[in-house]
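Okay, structure first, notes after.
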Amino acid sequence: MPSPTLDRGPGRASDAEARAWIARKQGRFGPWVGGPVAPDGPIRTLTAPATGTDLAELAEATPPQIADARAAAGSAQADWAALSGPARADRLRAWAEAIDARAACLTQLLALETGRPVRHGRAWLAEGATALRQAADQALLGEADRPGLVPMGIVAPGLSLGRIGPALAAGNAAMLAPGPGGGMLAALCLAEAAAEAGLPAGLLTVLTGPAKPLLGLARPPLPELSGPCLHLVLEDADLDAAADAIAEALGNPPPGTTGQRLLVQESVAERVHARLAGRMARLIVGDPLDPATDLGPLPEAALRDRLTAALADSTGTPIQPLPRLPDTGLYFAPALISGLAPASPEMELPLPGPILLSITFRSPAEAILLANAGPPAPAASLWSETLAVALDLATALEAGTVCVNGTDLGLAPDPLELWQRPEGLAPARPMAPAPADRGPDPTAALTAARRAQTGWARRDATGRAAVLARTAARMPEEAAAPLAACAARAATACATWSEKRDSATLTRQRPLGVIAALCPAETPALAAATILGPVLATGNAALLLAQPGCETQLRLLVKELEAAGLPAGLVQILSGAPAAVALRLAARVDLDALWCFEGDDLPGDLPDRGASGGPALWLAQAAPGAWSQPRDPSEALLRAASRAQTIRTSWGA
């Protein structure tokens, strides 16, 4: 007899295609290196977080398999880079078509392995296929074959088609290692689709197991944004729309985020919290294969235990409306913790789950101070019905993606040139032993540079370029040329604006902050001018580490810059043994980037030290003549000295 109530009935989508794909592989998977590799390493069982049942057996990649994968990727990359841009574009578009044909299987695999609801998986896959086609179009138009730029080689772009597509279109080979709960089966299915589309064997490799083998691969010399997603709600916002969208985002967090935080204006905090509690109570928490599901299961039991403990030990006021939860599976009811302060213990811990941490602010200026107190956030939504206020705050927020009055917080696809390098700067991995001497403490220089950088970054691009142009007019011709060329590029640089029927996207470049650079010994004045031009033009401060015997030339250059209007202290000269000073700088979390263009005498563990929360590293070996024409590296330096910020705004009724 049918139920007389109006409760929603089950509407589970089929998982037949994913189950059939797993069955065709006998439920056992190893790495993908130009094709499936026989499982040989330690076996781990993948379980479905929604049911706790076994999905497949996964063998970790062994050291010999990793070595074979690197060799295959190197061979494939050389052949791939030799192709023209249009030839690469054809293969990438064929891959996008193969992904479309496998869309149902891929979304089912994501739902089964990670607990991601199928409707969110479909949207992610559609955006990824679109990004892949855009990368193919860029390659078709010749953006992958610019003079003076060459592919990086073998890269590790992560499991995002908005990064994989541009990396491949630029002529690189890519290696992926999604790790536990990261969508390993979907990554293997994507690699299989790439092989069917005609991508060379070895060009796209998937390593099963931990991501440690990827640490030595090439990456863009930019900081990886990681941290909580921010939601700022002002008193003049549409509170119902904000509450609906923020609650929905709990089940579909932006990529790269580790939790979600709410900053709400004090005058409307109680009303916003009440609306959020009501909306969270209506979220559908359940089977990720149900198209109506808002929030699927957590990927692992340890995370559920951690979130439960965080609620129990909270110093704030937990609100957990408890919507209906399934009887089995790793489910967790969404929660809101209000009454927190910026120094509350919860604000220091990453909580990657459906818990929203809320703090209040009194004015928009205070909101910006609170939001920018930590490292730049990967994503932020901003809610205000006053467009002038919203845009002012959006441009002041240090976040990778800012969406005004919405939660369209996905990463913008990378430009192709982000995955290329100047022809004269080859990747270098230092091989010298770590020095016993730790070198001088750079704290005072860092503090002075950071203090001066704040005001320098507020100047417009034309004003900064004018300082460089005035300096070039006072310098010898050798060092004047790169400064003048960089000033001209910086003065004419502009943000890009694109429109859709109901929204618009602004992409602008933001300074990194403080960049330290180990200057080459060859032509030190020319090299320092070539490095400093892009660093200063984009609004950064600089620490220049002088090679022995070169300090006087660098100080003369800085003196000329300050005479032309550069703020005193914006450029600091460091002295000491390069290896020891570089180790000190790589360990500083208050330094944004470290560029080393002389790698032979640097410690071999420098890349590993920089990978653990320190500055973004750019380690390169400069070829003779790399700092002069015709292979001018300033375009790549300008790109590396800034990070793109995407601001999305919607309009219409």
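Every number here is computed from the coordinates shown, using simple stated rules; none is lab data. Keep in mind that what you see is a predicted model, and the values were worked out from it rather than measured. Here Cβ is always computed from backbone atoms with ideal geometry, including for glycine, and neighbour counts include all displayed protein chains.
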Distance in nm between pseudo-label sites at SER14 and THR328 (7 Å out along the Cβ direction from Cα): 2.3 nm
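Which net charge results for the neighbourhood of ALA641, defined as the other residues with beta-carbon distances under 13 angstrom from its beta-carbon, given Lys and Arg at +1 and Asp and Glu at -1?
+3
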Charge tally in the Cβ shell below 12 Å around ALA56, where Lys, Arg are +1 and Asp, Glu are -1, ALA56 excluded: +2
Estimated 222 nm signal from helices in the chain, with DSSP H stretches of n ≥ 4 weighted -39500 (n - 2.57), rounded to 500: -12000 deg cm²/dmol
Rough spin-label spacing in nm, given labels placed 7 Å along Cα→Cβ, for LYS25 and ALA568: 6.4 nm
Ranking of ASP441, ASP100 by count of other Cβ atoms within 10 Å, fewest first: ASP441, ASP100
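Looking at the chain from every direction and averaging, what is the projected area of its Cα convex hull in nm²?
Across all orientations, the chain yields a mean hull projection of 30.1 nm².
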Loop-located GluC sites (Glu not before Pro) in the stretch 208-282, at most 13 other Cβ atoms within 10 Å (DSSP): GLU224
Mean shadow area of the stretch 1-137, taken as a quarter of the surface of its Cα convex hull (nm²): 11.6 nm²
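Given the Cα atoms of the stretch 495-653, and with Rh set as the inverse mean 1/r over their pairs in the Kirkwood sense, what is Rg to Rh to two decimals?
Over the Cα atoms of the stretch 495-653, Rg/Rh equals 1.05.
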Compactness index (Cα Rg / 2.2 N^0.38 Å), the stretch 227-413: 0.97
Within the stretch 302-321: backbone nitrogen closer than 15 Å to the ALA341 label point (7 Å, Cα to C-beta): 315-317
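Using only the C-alpha atoms of the stretch 337-467, find the volume of their convex hull and express it per residue in Å³.
Per-residue hull volume (Cα only) is 256 Å³.
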Loop trypsin sites (Lys or Arg not before Pro), the stretch 253-351, which have at most 13 other Cβ atoms in a 10 Å radius of their Cβ (DSSP): ARG282, ARG324
Positive-end extreme of charge dipole, the stretch 124-226 - chosen from ALA139, GLY128, GLY182 (charges on Cβ): GLY182
Antiparallel DSSP beta bridges within the chain, as percent of all bridges there, nearest 5: 35 percent
Potential extension, ASP90-TRP497 segment - 0.36 nm per residue separation minus Cα distance: 143.8 nm
Hydrodynamic radius by Kirkwood, which averages 1/r over all alpha carbon pairs of the stretch 336-401, in angstrom: 13.1 Å
Computed magnitude of the charge dipole of the stretch 440-571 (debye, nearest 20; Cβ of K, R +1, Cβ of D, E -1): 540 debye
Cα-Cα P(r), the stretch 222-314, percent of pairs per 5 Å interval: 2, 12, 17, 22, 22, 15, 8, 3, 0
Calculated FRET efficiency for the pair ALA504/ALA281, C-beta based, R₀ 41 Å, to 0.05: 0.75
Cβ-based net charge around THR395, under 10 Å, with every Lys or Arg adding one and every Asp or Glu removing one: +1
Whole-number percent relative contact order across the stretch 16-214, with pairs defined as alpha carbons under 8 Å at least 6 apart: 28 percent
Descending Cα extents along the principal axes, the stretch 113-198, whole Å: 45, 23, 21
Distance in nm between pseudo-label sites at THR315 and ALA457 (7 Å out along the Cβ direction from Cα): 2.7 nm
Dipole-positive endmost among GLN108, ILE284, SER381 within the chain (Cβ charges, Cα centre): SER381
Helix 443-458 axis, angle to the chain major axis (alpha carbon atoms, nearest 10°): 80 degrees
The stretch 383-457 versus the stretch 228-248: alpha-carbon centroid distance in Å: 26 Å
Residue-span extension gain [SER75 to ALA587] - 0.36 nm each, minus C-alpha spacing: 180.9 nm
Principal-axis tilt of helix 269-281 within the chain, Cα atoms, nearest 10 degrees: 50 degrees
Share of Cα-Cα pairs in the stretch 194-259 lying beyond 15 Å, as whole percent: 74 percent
In sequence order, calculated HN-Hα J values of the stretch 134-141 (Karplus, 6.51, -1.76, 1.60; Hz; x Gly/Pro): 5, 5, 5, 5, 5, 5, 4, 7
Between 0 and 90°, nearest 10: helix 524-537 axis offset from the chain longest Cα axis: 40 degrees
